[in-house]
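**Q** Attaching a single structure in structure tokens format; questions to follow.
The values are calculated or read from the model by the stated rules, or taken from the named source; none is laboratory data. None of the values given here were measured: they were computed from a predicted structure. As a convention, Cβ positions derive from the backbone with ideal geometry for all residues, glycine included, and neighbour counts pool all protein chains shown. To get the accessible areas, we keep the full protein, side chains included, count just its heavy atoms, and leave off ligands, DNA and RNA. Shrake-Rupley method; radii C 1.70, N 1.55, O 1.52, S 1.80 Å.
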Amino acid sequence: MNMRRNIRMSGLIVLAALGSAALIPSAVAQSGTGRGPAPGLGAPRSPTRAPGADGFIQRWLILEPIPFKGQLTDSAVQAAVKTDYFPGQLTVIPRHGDRVAAGGAELTWHAVDTTGYNVNLYHFAYALGKPTSNVLVWAVTVLHSPRDMSDVRLAIGSNAASVWWVNGKEVIGIYNDRQTVIDDGVSKRLTLKKGPNVIRAAIVNAGGATDFCARFLDENDRPITTLSAALTGR
């Protein structure tokens, strides 16, 4: 009985440490100024979120869209993602509700879980009453690994262009106007360390639908399902 009580109390402590993101509805789901709810997206209700059998990451912190004017070529997208929009752009691990000044507006980070393999950024932005076209969207998640994992690869797809970082290192980018295709881009082999690993993405869209998906593949190109996505690096 004492062991069960200790486990339950530990879970409550973890939830408390996550703050409001784990305890109150996401602004995506209940937006006073937007058009919500966003189909397929909801507020996280647990400290961590494991991927399904297909390995797709289903928990992210997403910043409201930043205006983008330009082409979707390699050079234009690279220039966009390397523009300093806000402090700590490539290092910060945001919290749900954090705000930054970027693109001439005050923007908010939102913690979301997706029910599908992908994150629909069109629904995300539309629900909040934000622009869905000619935008750049930042997304961050923290993946906790039970052990060091070598020779793994990040496999992604996006509509449209996107650039991705793992633990601060840029590992892959795909460009031009494209539809989201599973494993459309695959990084070189890398190592996930035991404990927290920060995955960061910048998705750039010109018009129409926009979304992204991501998962890790093991040394035999099989989906890794033993990772867990969280809202903090602890």
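**Q** Scan (1) at positive phi; (2) touching a residue at least 60 places away in the same chain (Cβ under 8 Å) for the single condition LEU72 breaks and write down its number.
**A** Answer for LEU72: the failing condition is (1).
**Q** Sticking with this structure for a sec: Within the range 81-101, restricting attention to residues that are within 18 Å of the chain's Cα centre (by Cα) and hydrophobic (A, V, I, L, M, F, W, C), which residue is surrounded by the most Cβ atoms within 10 Å (Cβ to Cβ)?
**A** Result: VAL81.
**Q** OK, next. Pairs, please: C-beta under 8 Å, at least 6 apart or cross-chain, first residue over 17 Å from ILE57 (Cβ atoms) and in the range 105-116, second among the charged types (D, E, K, R) and in a strand (DSSP E or B)?
**A** Partner pairs satisfying both residue conditions: GLU106/ARG99; LEU107/ARG99; THR108/ARG99.
**Q** Test of understanding: among ALA53, ALA76, which residue is open to solvent by 80 Å² or more (accessible area, probe 1.4 Å) and modelled with pLDDT of 50 or more?
**A** Exactly one of ALA53, ALA76 is open to solvent by 80 Å² or more (accessible area, probe 1.4 Å) and modelled with pLDDT of 50 or more, namely ALA53.
**Q** Restricting attention to the range 110-154, and to residues there that are more than 17 Å from the chain's Cα centre (by Cα) and acidic (Asp, Glu), which single residue is nearest to VAL181 (Cα to Cα)?
**A** ASP151
**Q** In the range 198-227, which residues are hydroxyl-bearing (Ser, Thr, Tyr) and open to solvent by 30 Å² or more (accessible area, probe 1.4 Å)?
**A** THR225, THR226
**Q** Please return the ranges of strands (runs of 3 or more DSSP E) entirely within the range 130-197 where 2 or more residues are open to solvent by 50 Å² or more (accessible area, probe 1.4 Å).
**A** Once the strands (runs of 3 or more DSSP E) in the range 130-197 are filtered for at least 2 residues that are open to solvent by 50 Å² or more (accessible area, probe 1.4 Å), what remains is 149-159, 169-174.
**Q** Residue under question is GLY70, and the condition is that it be out of contact with any strand residue (DSSP E or B) (no Cβ under 8 Å at 6 or more places or on another chain) and either open to solvent by 70 Å² or more (accessible area, probe 1.4 Å) or not in a strand (DSSP E or B) (or both); does it hold?
**A** yes
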